[in-house]
Amino acid sequence: MNPLQEKRAGLPAAAAQLAHIAPTLARVPAAPAANATIDATADTADTAVETAARTGTTAPATGAPAPAAAVAAELVTVHAPRGPVAEAFRTLRSRLASCATATWDAGPALAVVGTGRGGGRSWCAANLAVSMAQRGGPVLLLDANLRRPRLHRLFGLPHRGGLAALLAGPAALDAVQPVPQVPGLFLLAAGETPTHPLELLEPPAFARLLQALGERFVHVVVDTPAAAEGADAAVIAARCDAALLVTRRDHDTLADLQALRATLAQAGTAVAGVLLNGH
């Protein structure tokens, strides 16, 4: 049994019941309020995806009008889909797909990690998710950076509810938001910044949520805090199927990168690759 299989085998047996797709999801024992919220959120994600597929739009499942805010200019895969940077993300997308079965058990959840602030994790995660959705969704972009979230600003979407509220307990069930400008792409924002982010990410609820969402999306791209800010990134990556390590030239030291790689390996996290960000 490899480290990744050992990691999965360590999940509570009841959590495997979440593999049953809506309309009925089995309830996982313990923390009933949080688990019911996770199940209902996964069901709502189903509804949002089905609505978009049926109507050809990305209107929210609640029927509310889609926000009109423009996406940020740094989302080059949206603004310049035929440009060289967008092409580079398509190449990255293809290489991740081709090496998946050889490198890790090709599950849907990919954590985007980096050593320090300013390395371009959020930029990479957002553009990669857009590129994946352009090939064919549904794709979920999950902002697990509960310290300095910014994905909602990149897409001009509300910072409502979000991951922090879901992990803390009962929350709004429309936390999974479609991205109006990118058919097939959905966002689960981080929500309000909690006092102690790691205390929300370490319990089993986060792993159960990832597993439930993984049943509904072709890809789940997870943005993370800088590894230098705490153990959050390693904890998040350990609950994903693999990690993509992002670094910037003249920004990170080789020693820091090697230390992060060793931390991921110790947690049994498969590293899908390393991206040198020149943006």
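The values are calculated or read from the model by the stated rules, or taken from the named source; none is laboratory data. Just so we're clear, the structure is a prediction, and the values are computed from it rather than from any experiment. Reconstructed Cβ throughout: ideal geometry from the backbone, glycine too, with neighbour counts over all protein chains shown.
Whether a residue is under 17 Å from the mean Cα position of the chain (by Cα), surrounded by fewer than 16 Cβ atoms within 10 Å (Cβ to Cβ), not basic (Lys, Arg) and not in a loop (DSSP other than H, G, I, E, B) was assessed, and Ala97 passes this test.
Based on what the data block shows, is Arg135 over 14 Å from Phe217 (Cβ atoms) and out of contact with any Pro (no Cβ under 6 Å at 6 or more places or on another chain)? Taking the combined requirement at face value, the residue does not satisfy it.
Show the residue pairs meeting these rules: Cβ distance below 9 Å; 6+ apart or different chains; first residue within region 233-247 and within 14 Å of Pro204 (Cα to Cα); second residue assigned to a loop (DSSP other than H, G, I, E, B) and among the charged types (D, E, K, R). Listed by first residue and then by second, the contacts come to Val235/Glu202. I'd like to know if region 165-174 contains one or more residues that are outside any helix (DSSP H, G or I) and crowded, with 23+ Cβ neighbours inside 10 Å. Checked against the condition, which is being outside any helix (DSSP H, G or I) and crowded, with 23+ Cβ neighbours inside 10 Å, region 165-174 yields no hits at all. Among Thr224, Thr193, which is the only one that is buried (at least 24 other Cβ atoms within 10 Å of the Cβ), of a type in the set (Ser, Thr, Tyr) and in contact (Cβ under 8 Å) with a residue 40 or more places away in the chain? After ruling out the rest, the residue left standing is Thr224. Taken over region 252-278, the criterion of being surrounded by fewer than 23 Cβ atoms within 10 Å (Cβ to Cβ), in contact with a strand residue (DSSP E or B) (Cβ under 8 Å, 6 or more places away or on another chain) and assigned to a loop (DSSP other than H, G, I, E, B) is satisfied by Ala270, Gly278.
Every test in (1) over 16 Å from Ala129 (Cα atoms); (2) at pLDDT 90 or above; (3) in a loop (DSSP other than H, G, I, E, B) is passed by Ala234 save one, and that test is (3). Is one or more of the residues making up region 143-150 within 22 Å of Cys240 (Cα to Cα) and either free of Cβ contacts under 8 Å to residues at least 24 places away in the same chain or hydrophobic (A, V, I, L, M, F, W, C) (or both)? There is at least one residue in region 143-150 that is within 22 Å of Cys240 (Cα to Cα) and either free of Cβ contacts under 8 Å to residues at least 24 places away in the same chain or hydrophobic (A, V, I, L, M, F, W, C) (or both). Considering (1) assigned to a loop (DSSP other than H, G, I, E, B); (2) crowded, with 24+ Cβ neighbours inside 10 Å, the lone condition that Gly118 does not fulfil carries the number (2).
Taking the criterion of being crowded, with 24+ Cβ neighbours inside 10 Å and in contact with a His (Cβ under 6 Å, 6 or more places away or on another chain), the residues of region 121-164 that qualify are Met132, Val139.
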